[in-house]
1. Can you tell which of Lys102, Lys18, Lys2, Lys92 is within 30 Å of Gln216 (Cα to Cα) and at pLDDT below 95?
2. Criterion first (within 25 Å of Leu55 (Cα to Cα), hydrophobic (A, V, I, L, M, F, W, C), assigned to a helix (DSSP H, G or I) and touching a helix residue (DSSP H, G or I) at 6+ places or on another chain (Cβ under 8 Å)) does Cys194 satisfy it?
3. Which numbered condition in (1) more than 14 Å from Gly82 (Cα to Cα); (2) in contact (Cβ under 8 Å) with a residue 12 or more places away in the chain is the only one that Val206 fails?
4. Gly158 - would you say it is assigned to a loop (DSSP other than H, G, I, E, B) and either more than 16 Å from ligand 1 (Cβ to nearest atom) or out of contact with any Gly (no Cβ under 7 Å at 6 or more places or on another chain) (or both)?
5. Return a yes/no flag: does the range 125-140 have any residue that is within 17 Å of the chain's Cα centre (by Cα), in a loop (DSSP other than H, G, I, E, B) and among the β-branched types (Val, Ile, Thr).
6. Is one or more of the residues making up the range 205-212 of a type in the set (A, V, I, L, M, F, W, C), part of a loop (DSSP other than H, G, I, E, B) and surrounded by 13 or more Cβ atoms within 10 Å (Cβ to Cβ)?
7. Checking Val106 against (1) in a strand (DSSP E or B); (2) surrounded by 15 or more Cβ atoms within 10 Å (Cβ to Cβ), only one condition comes out false. Which one?
8. Does the range 133-189 hold any residues that are among the polar types (S, T, N, Q), within 12 Å of ligand 2 (Cβ to nearest atom) and more than 15 Å from Lys213 (Cα to Cα), and which are they?
Amino acid sequence: MKSFIEYMAVELHLEDPKSDYPNICAGTDRYAMYKVGPVLSVSHGMGMPSISIMLHELFKLLHHANCTDVTILRIGTSGGIGLESGTVVITKQSVDATFMPKFEQVILGKTVVRSTDLDTDLAEKLLQCSKELKQFHTVIADTMCTMDFYEGQARLDGAFCSYTEKDKQDYLAKAYASGVRNIEMESLVFAAMCKLSGLKAAVVCVTLLDRQKGDQVSDSHEVLHNLELRPQILVGYFIKSQLGSSGKI
Ligand SMILES: O=P(O)(O)O[C@H]1O[C@H](CO)[C@@H](O)[C@H]1O
Ligand SMILES: O=c1cc[nH]c(=O)[nH]1
């Protein structure tokens with residue numbers, strides 16, 4: 001989060017050699033938050049419960065700070081399906097582990113179903129940015145969001161596994177056929193909460209491996225670090241172009 005803010009400071013020409021970027025949320029270890037100019041960068045931990053707490057608190061903060069015209073972008077990593085590792089996926093729709101575009105939450109003992117639509121126009125603008133950048137392959141596709149990294153994502157290498165390689169491949173093939181091209185663990189509640197709050201939102205994740213070829217993320221730290229920079233580069237370029245065209249920088 002801090003390195004993204006340092007990167008944005010340079011991109012937006014807002015860097016100050018004397019300034020360090022403090023963690024605005026240093027009083028809690030739940031997440032970290034950094035800011036430069038109009039850009040906030042916040043960590044969200046792993047999984048839907050973690051990101052949903054952060055989003056509740058972030059939305060309240062944005063409200064009390066009278067922020068307007070807010071765009072929220074989740075950047076992160078994912079497992080790909082049928083894509084070369086390093087491909088960046090901009091989420092068209094976030095779907096659950098049964099490939100349905102809905103987020104279910106039990107509230108007061110009743111199941112509430114919320115839509116996980118994301119902003120189509122924003123996704124297209126991000127894709128256009130990637131075409132201008134010409135640095136890596138980017139697609140718009142559905143993202144499957146799961147409750148778990150191992151059995152929830154059909155891995156065979158967790159502590160428990162109750163299915164075969166063939167079962168795994170059949171499930172991933174069904175996901176692919178339904179339009180899913182990557183798997184991660186936060187987009188469902190992220191999309192549902194951003195839609196509910198009326199904020200424009202997008203999910204941009206790089207794929208670290210092709211799940212039809214394996215389960216383990218086994219590239220070197222250096223290779224993985226370079227792949228992880230891709231969503232930052234794309235979103236950084238987008239933020240810069242948006243702020244430039246609206247005369248805010
Ligand atoms: O790269 P991040 O944002 O952590 O996202 C992905 O990586 C984590 C699993 O390794 C999950 O949080 C998943 O959604
Ligand atoms: O396979 C992967 C890689 C990163 N994050 C996930 O959730 N799954």
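The values are calculated or read from the model by the stated rules, or taken from the named source; none is laboratory data. Only a predicted model underlies this, so the values are computations on that prediction, with no experimental measurement involved. Backbone-built Cβ (ideal geometry, glycine too); neighbour counts: all protein chains shown.
1. Values: Lys102 fails: at pLDDT below 95; Lys18 fails: within 30 Å of Gln216 (Cα to Cα); Lys92 fails: at pLDDT below 95.
From the options Lys102, Lys18, Lys2, Lys92, the qualifying one is Lys2.
2. So Cys194 passes the test.
3. Going through the list (1) more than 14 Å from Gly82 (Cα to Cα); (2) in contact (Cβ under 8 Å) with a residue 12 or more places away in the chain, Val206 breaks only (1).
4. yes
5. No, the range 125-140 has no match at all.
6. From the range 205-212, those of a type in the set (A, V, I, L, M, F, W, C) are 205-206, 208-209; that's our starting set.
Keeping just the survivors that are part of a loop (DSSP other than H, G, I, E, B) gives none.
No; the residues of the range 205-212 include none that is of a type in the set (A, V, I, L, M, F, W, C), part of a loop (DSSP other than H, G, I, E, B) and surrounded by 13 or more Cβ atoms within 10 Å (Cβ to Cβ).
7. For Val106, the exception is condition (2).
8. Result: Thr143, Thr146, Ser187.
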